[in-house]
Amino acid sequence: MVEDPWVRTTEGATDSTMTAAFMSLVNPGDANVSLTGASTSVAMMCQVHEMVKGSDGKAVMQEAKNGVVIPAGSHAHLTPGGFHVMIMGLKQALPVGSEVTLELTFSNGTTKTVVAPVKVFTEETDHYHPSASSSMPMGNNG
Ligand SMILES: [Cu+2]
């Protein structure tokens with residue numbers, strides 16, 4: 001189950017080709033499940049990202065190869081500064097008040113469609129997505 005999904009607006013963003021989605025994931029089952037991917041019609045691609053500490057002590061984000069594990073009978077949170085669904089290669093602006101439909105893919109083969117409202121996130125946006133574009137393929141798409 002997915003609770004409180006939201007997507008960061010592109011309004012005022014330094015890089016309006018990408019944003020991120022956040023949410024809470026609840027797993028009422030008796031087996032661990034991972035969020036492994038996502039897709040949306042408003043962008044070229046999505047990736048599950050995690051924040052890790054780089055060698056210089058700064059937080060950097062990278063693809064979460066194993067996705068976000070939602071323990072059996074528990075929950076996981078996608079939050080600014082932690083796990084998030086990176087939305088890359090945006091085809092349109094995402095003003096506050098609009099909505100993004102995301103299709104989430106889980107390790108047990110299920111998918112779930114959620115409608116996430118677009119909201120403002122002002123806190124530390126600058127280092128939140130540092131120089132991500134250098135490692136991302138979308139620069140080639142013009
Ligand atoms: Cu990211």
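The values are calculated or read from the model by the stated rules, or taken from the named source; none is laboratory data. What you are looking at is a predicted structure, and each value in this text was computed from that prediction instead of being measured. All Cβ positions, even for glycine, are placed from backbone atoms using ideal geometry, and neighbour counts span all protein chains on display.
Just one of the listed residues (Val26, Val52, Val33, Val96) is hydrophobic (A, V, I, L, M, F, W, C), over 14 Å from the mean Cα position of the chain (by Cα), over 23 Å from Val118 (Cα atoms) and away from the ligand (no atom under 16 Å from the Cβ), and it is Val33. Restricting the first member to the stretch 34-63 and to residues that are small (Gly, Ala, Ser), and the second to residues that are more than 14 Å from the ligand (Cβ to nearest atom) and in a loop (DSSP other than H, G, I, E, B), the beta-carbon pairs closer than 6 Å and six or more apart or on different chains are Ser34/Ser107.
Look at Val60 and say whether it is more than 19 Å from Val2 (Cα to Cα), β-branched (Val, Ile, Thr), modelled with pLDDT under 95 and surrounded by 13 or more Cβ atoms within 10 Å (Cβ to Cβ).
Answer is yes for this residue.
Hey, can you tell me all the residues within the stretch 55-70 that are within 16 Å of the ligand (Cβ to nearest atom) and on the phi > 0 side of the Ramachandran plot? Across the stretch 55-70, the qualifying residue is only Gly67. Taking first residues from the stretch 71-90 that are in contact (Cβ under 8 Å) with a residue 24 or more places away in the chain and more than 11 Å from the ligand (Cβ to nearest atom) and partners that are among the aromatic types (Phe, Trp, Tyr) and not in a loop (DSSP other than H, G, I, E, B), the Cβ contacts under 6 Å between residues at least 6 apart in sequence or on separate chains come to Thr79/Phe22. Within the stretch 36-49, the set of residues being away from the ligand (no atom under 14 Å from the Cβ) and closer than 19 Å to Trp6 by Cβ comprises Ser39, Thr40, Ser41, Val42.
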